[in-house]
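For reference, the structure is listed below as structure tokens.
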Amino acid sequence: MMNCLQSWPEPVVRVQSLAASGIRAIPERYIKPPSHRPLTKIDFSPPQEANIPVIDFQNVFSDDQRLRDEALRNIHSACHEWGFFQVVNHGVSHELMKRTSEVWREFFKLPIEVKQEYANTPATYEGYGSRLGVEKGAILDWSDYFFLNYMPASLRNPNNWPATPASCRELVAEYGHEVCKLGGKLMKAFSINLGLEEDHLLKSFGGEENVGACLRANYYPKCPQPDLTLGLSPHSDPGGLTILLPDENVAGLQVCRKGSWITVKPVPNAFIINIGDQIQVLSNAIYQSVEHRVIVNSNKDRVSLALFYNPKSDLLIEPTKQLVSDERPALYPPMTYNEYRLYVRTKGPCGKTQVESLKSPRPCSEC
Ligand code: OGA
Ligand code: NI
């Protein structure tokens, strides 16, 4: 891997310590240019739909064909029209979701010295981190995180996961298992909806045992000047699909929709699903990843768990042959996910510039 990815270009500052220090003004490094700040009016279009679609997943594999077709149709329009939806009746235990979210909240409450033992580097990103991207002098986001590899099993090393709280490793293992199962079901539904064999997308990702799955627990501390910064800058997720467990008590995620930012209102016990760049490539842009970002606030911190469901990192990902025709030529060149994610790991969150640049030199930044 490239040399420049072995260490951070500047001393790492934990956003949580900044927040706890009682400062009234945030350091300049976190201040976004005016056009990127949360309250900036983007255009004058009328107010958008109130929320992303909510999908009931329970009938997706029902024996009743009518119910199944209807559920699949709803998923297809959510993928096609939005690239983002919430899913309920998804089969993952609500109790497990609550406990896992709680255990990460507890982890982030631990003294900095304890978390510091897990400090990460950009070589693997695994561990406790406070920035994405290694560009010196970059403007940073108002968040800390813990990143870990769950799949493939050969990359899973629970010794790198938090030893405290005591139940953390066990919960992460169980959560990873359940949420990856949901990922597999979503891949099936997407494949059917694209008119492909139901195992097509999963096979393109290398099969159940070989897919990549990583968990990022995001921690967004309270911020004394939330109007000047972002918890996470606009980006599309570079991988396959993302299964996000948001903080039920605090909104923060915003999705770019027709030039406006829509704040997602989390439905109790739901996951938020979004299409990543690799599914955009495989579907030859029938499904597209969507820019999103996170805003912070001055009175509540926020925890979210993002499970990224990705292709095996050394497989070539390219538009599916059945979705390529003379009328709709392949929009993207083949590339491995390893090569693809170097970009975001170097530059940090950067809208949809990467996937768009493969297709044309003009970056798309609707929002
Ligand atoms: C991410 C992400 C949203 C959130 O981790 O890629 O978009 O609500 N997170 O934390
Ligand atoms: Ni994201």
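The values are calculated or read from the model by the stated rules, or taken from the named source; none is laboratory data. Remember, predicted model here, so these are calculated numbers, not experimental data. Every residue, glycine among them, receives a Cβ derived from its backbone with ideal geometry; neighbour counts consider all protein chains shown. Calculation scope for accessible area: heavy atoms of the full protein, side chains included, ligands and nucleic acids excluded. Shrake-Rupley method; radii C 1.70, N 1.55, O 1.52, S 1.80 Å.
Details
- Which listed residue is away from ligand 2 (no atom under 16 Å from the Cβ), out of contact with any Pro (no Cβ under 6 Å at 6 or more places or on another chain) and of a type outside the set (Phe, Trp, Tyr), from Gln280, Gln225, Gln254, Gln288: Gln225
- Screening Pro246, Pro226 for residues that are within 13 Å of ligand 1 (Cβ to nearest atom) and closer than 25 Å to Tyr128 by Cβ leaves exactly one candidate, Pro246.
- From the list Phe44, Phe61, Phe57, the one residue that fits, being loosely packed, with under 12 Cβ neighbours inside 10 Å and either modelled with pLDDT under 90 or not charged (D, E, K, R) (or both), is Phe44.
- Pair list, Cβ under 6 Å, 6 or more apart: segment 242-258 residue free of Cβ contacts under 8 Å to residues at least 40 places away in the same chain, other residue surrounded by fewer than 20 Cβ atoms within 10 Å (Cβ to Cβ): Ala251/Thr263
- Odd one out for Ser130 among (1) touching a residue at least 40 places away in the same chain (Cβ under 8 Å); (2) over 27 Å from Ser236 (Cα atoms); (3) open to solvent by less than 60 Å² (accessible area, probe 1.4 Å): (2)
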